[in-house]
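Here's the structure we're looking at; comments come further down.
The values are calculated or read from the model by the stated rules, or taken from the named source; none is laboratory data. Given the structure is predicted, the values throughout are model-derived calculations rather than measurements. Methodologically, a virtual Cβ is constructed for each residue, glycine included, from the backbone with ideal geometry; neighbour enumeration extends over all protein chains shown.
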Amino acid sequence: MSDFPKYRGELEYVCLGCGRIFPMDELYYTCPQCGGVFLLRDNNFDQLKEFSGREWRDTFDSRMASKDTRLKGIFRFYELIAPVLEKEDIVYLGEANTPIIPASSGLREKIGRDFAYKNDGQNPSASFKDRGMACAFSFLHKLVREKGWDKVLTICASTGDTSASAALYGAYSGEAVRTVVLLPEGKVTPQQMAQPLGSGALVLEVGGVFDDCMKVVEYLADNYRVALLNSKNAWRILGQESYAYEIAQWYDWDVGFKAVFVPIGNAGNITAIMRGFLKIHDLGIIHKLPRIFGVQTAHADPVYRYYQSQKGEREYRPVSVRPSVAQAAMIGNPVSFPRVRALVDEYEYIAGDQSFNVIQVSEQEIIEGMLLANRHGHIACTQGGECLAGLKKAVRAEMLHPEEEAVLDATAHMLKFIGFQEMYFNNEFPPGYEIVPDKDMVNRPQTLISENERNGHSDSEYARLAGDRVVEMLGLDSR
């Protein structure tokens, strides 16, 4: 087993609203003084600069070969994420280190440039949420150990992925942890509903949308001792920074000519990705920041609207959401928007005015982006389709430099969204989605030979009859 890192940080909560600081040894989600959201800051971070960027690259690269599960997942980057945990605190279920798959040649031709998907649907619960949940639960284990708690109630609001991840990590943590998830009634796919149920969580449905579920969870977290597991939890953001580190490591720590496309949703992931790149840039691990492209559906686009305005004239306003196939994007008031705003200012100061962009796409473009990607050998979810739609718009608008390669975030596995594929193929979308299937993209099973036709035929006659129909259908040539 590898030696566990010796470095320990000094983490504290920093409110982005009023600037107040709070100790890390409690469960804080919003500032008790002003209600603002937190980022976690390591006051010992400058100690990491005692080592060169090359030394850090070598350290992280060497851990790639480790069989020590404490350093296999997000904690391969232990010093950058949560360097206050002891080895017995860490939860590892096989999360992180998801592959980056270059677009197939056919898909590259359709889009008109090189790009790749990072398949975060290959995490244990089939979504990127496991990155943040591994960190949040590891910190929770630390608190349980230090404070002697015998019972902990974890709770989250979700459109599907957060609940699946929270329930999975909660179930693994044992009887001391009970997981409760709140879902918007009728707005979660059967596949996503099955995950928290299968992991034994208490699933509570709430009339309305995600934002309504979140209000209930916030009330409980503000007034009772519960562990909130949404992206208001700053430990979640820390774990999700690993996405940025993995992209940099995959490309041998050279991301200066990369354009990273991220669906915005509740804005936690895009927050984490920007912060992750900023950290490793500060340490000299990378020498140039990649450009970031956030993508939002026109049915839930408050961040897009904010950045469409000129600097000095911007005013953030939540929006009322409309139905979206990219369910994680159907959030009209992203919890992490204050984090985005703060980090974009820092990002643009270092990398320039065009280093952060937000693109708006339609529901039609999102669902057909998913179908197009998967028809060419990928496993993109609707959020992955949203990113592909964003890339297509960026290419048309000539927003990318000729030498830039795009990396698209497929946040979950496409099987979670198979219901939307069926709705498209069967033309069953309610009008609110504003989706009309293109007949050239519809793919449905065709009957070759019915059970009734088989009656009275021997096995060889049946095989020949069915085979002849295949020949006729496909125009096969004889040997």
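Applying the criterion of being assigned to a helix (DSSP H, G or I) and not aliphatic (A, V, I, L, M) to the residues of region 465-479, the residue that is surrounded by the fewest Cβ atoms within 10 Å (Cβ to Cβ) is 472. Only one of the numbered conditions (1) part of a helix (DSSP H, G or I); (2) on the phi > 0 side of the Ramachandran plot; (3) of a type in the set (Gly, Ala, Ser) is violated by residue 456, and that is (1). Of everything in region 360-418 that is touching a helix residue (DSSP H, G or I) at 6+ places or on another chain (Cβ under 7 Å) and among the hydroxyl-bearing types (Ser, Thr, Tyr), the residue that is farthest from residue 99 (Cα to Cα) is 382.
Which residue is farthest from the chain's Cα centre (by Cα), if the candidates are limited to region 430-440 and must be touching a residue at least 12 places away in the same chain (Cβ under 8 Å) and part of a helix (DSSP H, G or I)? Can you show your working first?
Our first condition is that a residue be touching a residue at least 12 places away in the same chain (Cβ under 8 Å); within region 430-440, this holds for 430, 432-438.
When the remaining residues are screened for being part of a helix (DSSP H, G or I), the result is 432-433.
Details: 432: 25, 433: 22 Å.
Among residues in region 430-440 that are touching a residue at least 12 places away in the same chain (Cβ under 8 Å) and part of a helix (DSSP H, G or I), the one farthest from the chain's Cα centre (by Cα) is 432.
Looking only at region 444-464, which residues are surrounded by 11 or more Cβ atoms within 10 Å (Cβ to Cβ) and either within 24 Å of residue 375 (Cα to Cα) or out of contact with any helix residue (DSSP H, G or I) (no Cβ under 8 Å at 6 or more places or on another chain) (or both)?
Filtering region 444-464 down to residues surrounded by 11 or more Cβ atoms within 10 Å (Cβ to Cβ) leaves 448-449, 453-454, 457, 461-464.
Within region 444-464, 448, 461, 463, 464 meet the criteria.
Of the residues 80, 107, which single one is part of a helix (DSSP H, G or I), closer than 18 Å to residue 245 by Cα and out of contact with any Gly (no Cβ under 6 Å at 6 or more places or on another chain)? Of 80, 107, the one residue that is part of a helix (DSSP H, G or I), closer than 18 Å to residue 245 by Cα and out of contact with any Gly (no Cβ under 6 Å at 6 or more places or on another chain) is 80. Among the residues of region 265-280, is any charged (D, E, K, R) and more than 19 Å from the chain's Cα centre (by Cα)? Yes - at least one qualifying residue is present in region 265-280.
Pairs linking a residue in region 408-422 that is more than 15 Å from residue 127 (Cα to Cα) to a residue that is part of a loop (DSSP other than H, G, I, E, B) and of a type outside the set (Gly, Ala, Ser), with Cβ atoms under 6 Å and 6 or more positions apart or on different chains, are 419/189; 420/325. Residues of region 55-74 that are touching a residue at least 60 places away in the same chain (Cβ under 8 Å) and either of a type in the set (Gly, Ala, Ser) or assigned to a helix (DSSP H, G or I) (or both): 56, 57, 60, 61, 63, 66, 70, 71, 73, 74. When region 102-129 is filtered for residues that are touching a Phe, Trp or Tyr at 6+ places or on another chain (Cβ under 9 Å), of a type in the set (A, V, I, L, M, F, W, C) and either closer than 26 Å to residue 157 by Cβ or modelled with pLDDT under 95 (or both), only 128 remains. When 443, 357, 427 are screened for being in a strand (DSSP E or B), over 18 Å from residue 108 (Cβ atoms) and of a type outside the set (Asp, Glu), only 357 passes. Within the option set 200, 186, being part of a loop (DSSP other than H, G, I, E, B) and touching a helix residue (DSSP H, G or I) at 6+ places or on another chain (Cβ under 6 Å) holds for one residue only, 200. Taking the conditions (1) at pLDDT 95 or above; (2) in contact with a Leu (Cβ under 7 Å, 6 or more places away or on another chain) in turn, residue 226 satisfies each one other than (1).
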